[in-house]
Amino acid sequence: GTGHDYARQVHAFLISSDVKDGRRVFVPGIATKWEISSDSLTWTLTIRKGVKFHDGTELTAADVLWDLQHAIGPQALSYAINSASTALSPVMDRIEQTGPDRVSVTTKAPVSDLPSFLSEATGVWICVVYPKRATLHDVKEEAAYDRNPIGAGLMRLVKHVPVSSMTFERFADYYYQPKNGLPIDKRVNFTVLDLRLVPEEATRVAALRAGEADIAP
C-alpha cells in the first residue's frame, strides 16, 4: 500500500493526466476512453493497442482484467490492506472482459469516482497495470514478482539493494509518445534514475551541495 517513488516509475496507469488552465485533469492513458452505463452501475474501459511491458510483451485487455480483479475484485477484501481496495471491493458485483479491447466493472451501487482510482492524477495507484498472473492471490507468485517487477511505465527497475538503493533505466518504448498517436512525449529526458535511502537530512543537504545528488526531500 505504499511506495509511490517506486510504483510511479515502473508502472503505467489506465488513465493519465495533464494540467489545463491550472487544473489537473484526466486524459486518456492505457484506457483510451471510459464510459458509464445509463444506470450508473457499469464503467467500461477501452484498452489502447500497442502498449508494451518492459519485457517487450504487449499489454492486453486480459492484463487489465487481471489487475482490476486482483486489486478491487470481490475477493480482494480477504487480502488487501490498501484503503482504496478495502473500500471498493465490497461494492463490486463483477469485473469482466466484454470485448477484445474492453473491460467492464459493474458495482452494486454507483461509484461515480471510479476513474480517480484508475488515474495517475491522484495519490492512489492500486490499479496500475501489471502482467496478468495465473492466480489472483498467491504469496509465492507475489514474492517472485517483487524480486523481478515488470511494468509498462516510464522506467524499468534494473538493480535493487534492499534498504539502500533502487536503480532505474529509461524505457524507450513507453507508450505515451507521438508515434502512438498521443499529443506529447512523456518519456523522461535522462537515462538513469538512482534512488537512494539517506535518512539523515544533513547528509542529504551535503550530497546536494557536493553535486552528488540532483534532488532530495
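The values are calculated or read from the model by the stated rules, or taken from the named source; none is laboratory data. All values reported here derive from a predicted model rather than from experimental measurement. Cβ sites come from the backbone with ideal geometry, for glycine too, and all protein chains shown count toward neighbours. The protein model used for the area step is the full one, side chains on, heavy atoms only, and it has no ligands, DNA or RNA in it. Shrake-Rupley method; radii C 1.70, N 1.55, O 1.52, S 1.80 Å.
Worth pointing out:
- Residue ranges 144-154, 58-68 sort as 58-68, 144-154 when ordered by packing (mean number of other C-beta atoms within 10 Å per residue, highest first).
- Cα long-axis angle, helix 61-72 against the chain (0 to 90 degrees, to the nearest 10): 80
- Under 26 Å of direct C-alpha separation, and excluding same-chain neighbours fewer than eight residues apart, K33 reaches these lysines: K20, K49, K52, K108, K132, K179, K186.
- Calculated SAXS-style log₁₀ I(q)/I(0) at q = 0.10, 0.14 Å⁻¹ - the chain, Debye, Cα scatterers: -0.48, -0.92
- The range 116-217: C-alpha gyration tensor shape, a/c 1.5 cut-off, then a/b vs b/c: oblate
- Prolate/oblate/rounded call for the range 33-103, Cα gyration tensor, a/c under 1.5 rounded: oblate
- If both residues of a DSSP beta bridge must be in the chain, then about 95% of such bridges are antiparallel.
- Packing, as the average of other Cβ atoms within 10 Å across residues, places the peptides 179-191, 162-174, 113-125 in the order 113-125, 162-174, 179-191, highest first.
- Length gained when the stretch T203-S83 is fully extended (0.36 nm per residue, less Cα-Cα span): 39.8 nm
- Heavy-atom accessible surface of the range 1-123: percent carbon and sulfur, 1.4 Å: 50
- For the range 87-127, the Kirkwood hydrodynamic radius comes to 11.4 Å, computed from all pairs of different C-alpha atoms.
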